[in-house]
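Notes for the one structure printed next.
Each value in this text was obtained by applying a stated rule to the coordinates, not by laboratory testing. Just so it is clear, the structure is predicted and the values come from calculations on it, not from any experiment. FYI the Cβ positions are ideal-geometry reconstructions off the backbone, even for glycines, and counts take in every protein chain you see.
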Amino acid sequence: MKIAFFSTKPYDKLFFELENELYGFHLNFYETHLGPHIVNAIEDEKVVCVFVNDKLNRQVIEVLAQKGVQLIALRCAGFNNVDLLAAKEFGIQVCRVPAYSPEAVAEHTMAMLLTLNRKTHKAYNRVREQNFALNGLLGFNLHQKKIGVIGTGKIGRAFIKIALGFGAEVIAYDLYPDSQVKEMGIRYESLENLFGESDIISLHCPLTPYNHYLINKNTLDKMKDGVTIINTSRGNLINTNDAIRALKERKIGLLGIDVYEQEEKLFFKDLSTTIIEDETIQLLMSYPNVLVTAHQAFFTKEALTEISQRTLKSISDLVNTGSTDLEVLL
Ligand code: NAI
């Protein structure tokens with residue numbers, strides 16, 4: 001059976017080909033993202049395997065169905081880029097990898113927080129220039145700071161454990177408070193209170209139609225002056241222009257983003273020899289108190305191994321038996 005992979009990078013090929021020794025599927029790797037420009041290239045592949053920035057809107061899904069595609073396999077956890085209603089309408093199943101090392105994302109979240117706060121990226125460059133001065137490198141203790149975690153699923157819980165290890169006080173908000181989290185001594189708060197009380201806010205909820213621009217001018221106004229915000233979830237949870245305004249007004253003291261509203265035009269590409277036309281990201285990257293990483297929070301050996309294992313297992317199960325013990329969205 002043939003599987004078409006989109007948005008493929010060398011590391012995807014490496015991990016999937018290794019895992020495919022168990023299955024013997026015919027894997028076709030396309031570097032381009034899946035969209036109207038390429039969808040007609042699909043010939044006799046029954047499965048398409050896509051990643052975070054492949055846009056599977058109604059138009060694309062309709063053509064996939066005409067081409068005989070039976071399954072959309074997301075090799076990621078988020079699925080906001082797939083029109084699930086259209087997939088249902090055209091009878092295409094959708095599966096994802098709901099958990100592939102939540103620790104990878106949680107650890108990167110803490111890495112971003114530590115980098116921004118203790119300025120190790122600046123210290124690294126300074127020392128290489130034989131500049132051993134400390135001016136401008138002042139940070140703050142995480143110990144006894146209040147960290148507000150929005151979304152206490154797998155990644156949120158893993159991050160809470162790390163934050164507790166630093167001696168921080170953690171409060172949380174989730175649509176569905178979790179008993180495991182409560183047992184860790186974490187207090188659930190209303191969003192309003194979390195915004196008002198937190199020194200640091202970390203986003204770990206999915207992007208849904210209900211929380212688009214969760215961080216916007218109104219919610220930023222409720223936060224402490226100098227608040228630190230880390231987003232390793234999805235770009236559209238933050239209104240970037242409002243965040244820039246808040247950075248200028250010193251409302252946001254530190255901002256770490258691994259995801260960005262317009263990331264599909266930028267992330268996962270080497271644009272080092274081109275002129276980037278997105279002036280918003282250029283502005284953000286110019287701020288000394290902003291750290292941008294390019295959707296790399298998941299990027300560990302353990303996570304890539306799990307992604308390839310779970311994706312091929314789901315595909316094999318669904319194509320051969322029609323069901324799987326792994327999560328299917330449709
Ligand atoms: P999960 O499904 O285990 O947990 C999500 C939690 O968010 C659930 O407890 C849910 O009740 C809660 N939630 C849903 N809507 C909410 C809302 N409006 N407000 C507050 N809480 C809400 O998901 P998991 O595995 O923890 O992943 C979270 C997100 O992290 C994913 O949806 C994805 O967007 C992002 N992610 C980012 C990666 C990266 O490399 N930067 C990699 C993997 C996931």
Using alpha carbons only, how many degrees (0 to 90, rounded to 10) separate the axis of helix 102-118 from the longest principal axis of the chain? 30 degrees
Out of every Cα pair in segment 8-82, what percent are spaced more than 16 Å from each other? 50 percent
Rounded to two decimals, the Debye log10 I(q)/I(0) of segment 96-228 (Cα scatterers, no solvent) at q = 0.09, 0.15, 0.20 Å⁻¹ is -0.30, -0.77, -1.20
What FRET efficiency comes out for residue 189 versus residue 2 if R0 is 56 angstrom and r is the Cβ-Cβ distance? Round to the nearest 0.05. 0.65
Computed magnitude of the charge dipole of the chain (debye, nearest 20; Cβ of K, R +1, Cβ of D, E -1): 840 debye
I need 14, 329, 304 ordered by Cβ neighbour count within 10 Å, fewest first. 14, 329, 304
Within the chain, what is the longest stretch that has no GluC sites (Glu not before Pro) placed in a DSSP loop and near at most 15 other beta-carbon atoms within 10 Å? 130-248
In deg cm²/dmol and to the nearest 500, what is the mean residue ellipticity at 222 nm of the chain if only DSSP H runs of at least 4 residues count, each as -39500 (n - 2.57), divided by the residue total? -10500 deg cm²/dmol
Taking every alpha carbon pair in the chain, what does the distance histogram look like in 10 angstrom bins from 0, in percent? 5, 24, 31, 24, 13, 3, 0
Pairs of alpha carbons in segment 277-330 whose separation is greater than 18 Å (percent): 58 percent
So how far apart, in nm, are the two label points at residue 118 and residue 40 if each is 7 Å from Cα heading toward Cβ? 5.5 nm
Taking a temperature of 37 °C and a viscosity of 0.692 mPa s, what whole-number D in µm²/s does Stokes-Einstein yield for segment 1-145 with Rh from Kirkwood over alpha carbon pairs? 180 µm²/s
Place a label point 7 angstrom from the Cα of residue 286 along the Cα-to-Cβ direction, then list the residues of segment 242-275 whose backbone nitrogen is under 18 Å away. 242-250, 255, 274-275
Work out how much length residue 180 to residue 320 would gain on full extension: take 0.36 nm times their residue separation and subtract the Cα-Cα distance, in nm to one decimal. 46.8 nm
Give me a comma-separated list of calculated 3J(HN,Hα) values for segment 21-37, in order, Karplus coefficients 6.51, -1.76, 1.60 applied at θ = phi - 60°, integers in Hz, x for any Gly or Pro. 4, 6, 10, x, 6, 8, 9, 9, 9, 10, 6, 5, 6, 7, x, x, 5
Between the DSSP loop rule and a limit of at most 11 other Cβ atoms within 10 Å, which chymotrypsin sites (Phe, Trp or Tyr not before Pro) in segment 193-228 are left? 210
In nm, to one decimal, how far is the residue 13 label point from the residue 222 one, both placed 7 Å along Cα→Cβ? 4.8 nm
GNM of the chain, Cα pairs under 10 angstrom: of 319, 149, 290, the biggest fluctuation goes to 319
Cα axis of helix 10-20 to longest principal axis of the chain: angle in degrees, 0 to 90, nearest 10? 50 degrees
Segment 245-263 residues near the modelled residue 271 label - backbone nitrogen below 16 Å, point 7 Å along Cα→Cβ: 257-263
For segment 136-190 the translational diffusion coefficient, Stokes-Einstein from a Kirkwood Rh over Cα pairs at 37 °C and viscosity 0.692 mPa s, in µm²/s, is roughly 284 µm²/s
For segment 273-330, with +1 on Lys and Arg beta carbons and -1 on Asp and Glu, the positive-most of 316, 273, 330 along the dipole: 316
